[in-house]
1. Given the C-alpha centroids of the stretch 521-566 and the stretch 381-409, what is the distance between them in whole angstrom?
2. Can you return the lysines within cross-link range of LYS216? Criterion is Cα-Cα under 28 Å, with same-chain partners fewer than 8 residues away left out.
3. Which FRET efficiency, nearest 0.05, do ASP491 and LYS169 yield, Cβ-Cβ r, R0 25 Å?
4. Would you mind checking the radius of gyration and Dmax of the stretch 191-293 based on alpha-carbon positions, in Å?
5. Roughly speaking, what is the centre-to-centre gap between the stretch 57-105 and the stretch 139-174 when only Cα atoms are used, to the nearest Å?
6. Which of the lysines could be linked to LYS317 by a straight reach, that is with a Cα gap under 16 Å, when you skip same-chain ones fewer than 8 residues away?
7. Let's test the formula: R0 of 25 Å, r as the Cβ-Cβ distance of GLN137 and ASP52. What FRET efficiency results, to the nearest 0.05?
8. Please work out the Cα convex hull volume for the stretch 51-119 and give it in Å³ per residue.
Amino acid sequence: MRSHYCGHLNESNIDQTVTLCGWVHRRRDHGGVIFLDLRDREGIAQVVIDPDTEEAFALAEKVRSEFVIQLTGRVRIRPEGTQNPEMPTGMIEVLGKQLAILNASETPPFQLDEHINVGEDVRLKYRYMDLRRPEIQQRLAFRSKVTTAIRNYLDGEGFLDVETPILTKATPEGARDYLVPSRTHQGSFFALPQSPQLFKQLLMVSGLDRYYQIAKCFRDEDLRADRQPEFTQIDIEASFVNEEDVMGIAENMIRSLFKGMLNVELPEFPRMAYAEAMSRFGSDKPDLRIPLELIDVDDLMRQVEFKVFSAPASDPKGRVCGLRIPGGASISRKEIDEYTKYVSIYGARGLAWIKVNDLAAGVDGLQSPIVKNMTNVVMEMMERLGAEDGDIIFFGAGKASVVNESMGALRIKLGHDRGLIKGEWSPLWVVDFPMFEEEDDGKLNAIHHPFTAPSCEPSELEASPATALSRAYDMVLNGTELGGGSIRIHDPGMQRTVFKALNIGEEEANDKFGFLLDALKFGCPPHGGLAFGLDRLIMLMTGAHSIRDVIAFPKTQTAACVMTAAPSTVDAKQLREVGIRVRQADEKQ
């Protein structure tokens, strides 16, 4: 039906007769001459229709925004003064000769204009309209090119694209499963995979050696801007590898993507231990573009009588740290109150501060409601923090996990608010993760998943599981975790030791993971892998603010699709077939 895409026309097509198909982006009537901006996925072309072409002109008068039309005409240079060199098709226009209205359109629910600010709820309800916006189409086209480049890279490295099941067994991997009732096995359920983790390990047992998959994964968890109930992973696994092998493959792939897609040479990927990242930045995914660091002052705060600081400083699970903001003394009390409210989101009970007005004047040169409580250590603390005149110091005190999360988030916010970002891209590898984290009830949880290999022997793990480190690694870019992985456990004895540390007994282990434990008995090679979040990667590379802007049909933050009204109820007959009865919630409850 067409000879060219609108966005492909340029001066090389002058005097050619072309046929275009697309949507009317905008219609303008200029003194009897009608201008149509015709849009398709490749761009916009300007069409001019004169009254001389009576039939086409009559139809053009009826055309409105988002009508679908077919247009045949001759390409010509735009008149002087109307050319737009910033636009790919801005030097030419099409003189329309024949026009056909293929389909009319009602008035759109919103204008498809990048300058129009439309609420996300409206955009997602009419997502098929939102997807017509050039910005969104460009992101999806970019995503397609990225996945092609990934496949080409991994194919070239000897990886095989293997699909793993979507209907599988429920296994604990840190989030809630989406369950699917079985009609043929009533009372039993499939689960949608949180990741292909166990299947890709079984592929290594099978001898496939190198596997990859652009895999759909599902997690029933609380959502944020970078989370969705269904998301896409770039899943990679290889046999006979160590950490350096896997990290090298992954790093080279990301470098290749950024060079090929954005013409960006990524800088060096430094290695940073988890403990160092948490100590300096309060996060295991630090944004190294922000030159602010947390400095521990626990030893000094133990010497003060002010319980707000001395108590957590003396608690093995507590932390007191300072965050120096150069030139931050200009921050107003109103802004400090806003930052105090911000850290409360992360559980902080308050935000102490000291403004450094005149360091040479000693304690008298410091402005703060808390200085009087720490006069015996405050100047030594200023020296440790590297304080200078005009700075402000913010303090976090309390449970270490709360301090890390709140002060780490404050560091990021202040970095952006104060314009402290240095450089465009800052990647790194975070390594030497603990195997486990301790919950309030004293039980251990796997930091990554229970199939991650520890960096010690089984006897050492059994003797001191809380201090064991893992052979895990995360790739971080600009404060976002792009992907993570580990060397896996390939020995059944070590796997049972890890299960034991997690309080997973023999019976439970055999029930949930018996197929894996059996497979490990039959010559499982050393292996490891990594998974990237494709949605996050595309979000970063395109500069989008949310992964919802790089997914064709995303869910809302309540895990719903407002366009299709999913999830929805089903009729009683369907429920009976799968042996399900819905319990109505008690209104009083």
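1. Comparing the Cα centres of the stretch 521-566 and the stretch 381-409, I get a distance of 34 Å.
2. LYS125, LYS145, LYS169, LYS200, LYS259, LYS285, LYS512, LYS555
3. Values: r = 22 Å, r/R0 = 0.90.
The value I calculate is 0.65.
4. 16.9, 48
5. 41 Å
6. LYS307, LYS399, LYS443
7. Numbers: r = 34 Å, r/R0 = 1.37.
With a Förster radius of 25 Å, E is 0.15.
8. Taking the convex hull of the Cα positions in the stretch 51-119, it is 127 Å³ per residue.
Any read-out appearing in this document is the output of simple, stated calculations on the displayed coordinates, not a laboratory observation. All values derive from a computational prediction rather than experimental measurement. Don't worry about glycine lacking a Cβ; one is built from the backbone with ideal geometry, like all the others, and counts go over all protein chains shown.
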